[in-house]
Each structure stands twice: as C-alpha cells, then as structure tokens.
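The structure appears below as structure tokens.
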Amino acid sequence: MTSDPARAGEPAVISLLIVDDHPVVRDGLRGMFESADGFAVLGEASNGVEAVDLAARLDPDVVLMDLRMPGGNGVDAIKELTRRGARSRVLVLTTYDTDSDTLPAIEAGATGYLLKDAPREELFTAVRAAADGRTVLSPAVASRLVTAVRSPSAPAGEPLSAREREVLALVAKGTSNKEIARVLFISEATVKTHLTHVYGKLGVKDRAAAVAVAYDRKILG
C-alpha cells in the first residue's frame with residue numbers, strides 16, 4: 001500500500017481508482033473516501049478501457065470496479081489487469097449480483113465483490129481487506145457463488161488433508177502462493193499442487209470459490 005516515509009508509524013494510506021460510468025456515482029464515492037482517514041483517490045475512469053490505462057499509470061492499491069459500462073466492461077478490464085500482472089487489487093462494486101456477473105468477475109481475478117447498497121463502513125472495511133489481498137464477498141454474492149460452484153445434493157467429496165487445510169486457511173487470509181511457500185517451508189510448485197487438489201476435492205475452479213465453499217462446509221471458520 002502507498003505510504004509516506006516521512007510519516008512512519010502512521011497507518012498507510014490506501015490509494016484508489018474509481019471506475020464507474022455514472023459521474024454522480026464517481027463523485028459520491030470520491031467524496032466519501034476523501035472525507036475519511038486513510039484513503040486517497042488517485043483518479044476516476046468511466047469504462048474498463050480507461051480503467052486499465054489509468055491503473056497502469058497511477059498504480060493504485062485498489063481499483064473500485066463497476067461491471068456493466070459502455071465503452072469497456074469491468075470483467076474485460078479485470079482480465080486485462082490480471083494478464084498484465086497489475087499490483088492493484090480489484091474490488092467489484094456494482095448493483096448486479098446475478099451468476100452471469102458474479103462468476104466471470106471472480107474468475108477474471110477480482111479480489112472481492114460488493115454491492116452498491118453496502119453501508120459506508122462495510123465499504124471502507126472491504127477496501128482495506130482488498131488492499132491486504134483478502135477475499136471480500138458480500139453475503140448475497142457468497143451465497144450465489146457457493147450455489148453456483150456445487151450441486152446442493154453433491155457429496156462433500158474426499159476430505160482435505162491437514163496440509164491442504166493449512167494452505168486453504170492461508171488462501172482465505174489473502175496470502176500469495178509465494179508467501180504460503182515461505183510460511184510452510186515448501187516450494188511454490190508444491191503450493192500449487194496442494195491448491196489443485198483442494199480445487200478438485202471441493203469441486204471449484206479458483207481461490208475465491210474454494211474459500212466460499214470451505215466456509216459453507218465448515219472446513220474453515
């Protein structure tokens with residue numbers, strides 16, 4: 001996260017890029033974050049294409065990304081940022097929570113997914129969590145994600161090993177593969193192998209879905 005060396009000891013300021021095709025929404029979000037301590041809005045974009053360009057130039061900690069925008073949608077922008085290996089975390093902030101919106105955004109690489117009716121403090125908390133790399137899902141979205149990635153009547157499958165549960169618990173905290181390898185004293189390749197096994201046992205395709213299903217099945221928490 002962005003920080004000022006001259007103010008060592010103070011909480012780091014989280015830098016933001018706001019992406020939404022409605023100027024009123026962008027103004028409202030900018031005003032909300034600029035009136036709160038610990039946030040700095042670096043810029044605004046009205047579509048996904050602009051978002052990718054600005055994210056490359058401004059390097060924000062978090063990109064608040066709407067999904068349905070003329071001139072470049074949010075999912076395509078998330079895919080491009082992921083492809084480029086952008087440091088910025090993407091927190092989707094939208095009014096849509098349908099499966100056709102939720103799953104593509106998460107699979108594209110979004111760190112979290114929040115709805116625009118979220119309370120102010122919940123949004124602040126979500127941005128801080130996203131900046132730390134932790135998965136953030138609104139309750140409604142988490143429920144949809146769990147429903148989408150598994151059949152309600154499907155068996156739980158083979159239980160996770162102790163090591164797989166350790167890896168999954170670290171993933172739930174937003175820990176990168178490299179950091180997981182360091183913490184557990186194993187190679188990154190071994191971490192990826194454990195995750196592949198976890199995905200197979202849980203019947204999911206990505207980290208966010210694995211965490212959601214693990215909480216639903218009480219494997220975590």
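The values are calculated or read from the model by the stated rules, or taken from the named source; none is laboratory data. Treat the numbers as computed from the prediction; the structure is a model and nothing was measured. Counting neighbours? That spans all protein chains shown, and the Cβs are built from the backbone with ideal geometry, glycine included.
A few remarks follow.
- Looking only at region 120-146, and only at residues there that are more than 15 Å from Ala214 (Cα to Cα) and hydroxyl-bearing (Ser, Thr, Tyr), the one that is modelled with the highest pLDDT: Thr125
- Considered as a group, the residues in region 195-207 that are of a type in the set (A, V, I, L, M, F, W, C) and at pLDDT 85 or above include one that is surrounded by the fewest Cβ atoms within 10 Å (Cβ to Cβ), and that residue is Leu195.
- Residue match in region 96-107 (condition: over 26 Å from Ile180 (Cβ atoms), touching a Lys or Arg at 6+ places or on another chain (Cβ under 7 Å), crowded, with 21+ Cβ neighbours inside 10 Å and in the same structural domain as Ala12 (by TED's automatic domain parsing)): no
- Any hit, region 111-118, residues being closer than 25 Å to Ser176 by Cα and surrounded by fewer than 18 Cβ atoms within 10 Å (Cβ to Cβ): no
- Of everything listed in (1) modelled with pLDDT under 90; (2) crowded, with 19+ Cβ neighbours inside 10 Å; (3) in a helix (DSSP H, G or I), the single unmet condition for Lys192 is (2).
- Verdict on Ala6 being more than 19 Å from the chain's Cα centre (by Cα), part of a helix (DSSP H, G or I) and either buried (at least 19 other Cβ atoms within 10 Å of the Cβ) or at pLDDT below 95 (or both): yes
- Meets criteria (of a type in the set (Val, Ile, Thr), farther than 17 Å from Lys116 by Cβ and modelled with pLDDT of 95 or more) for Val19: no
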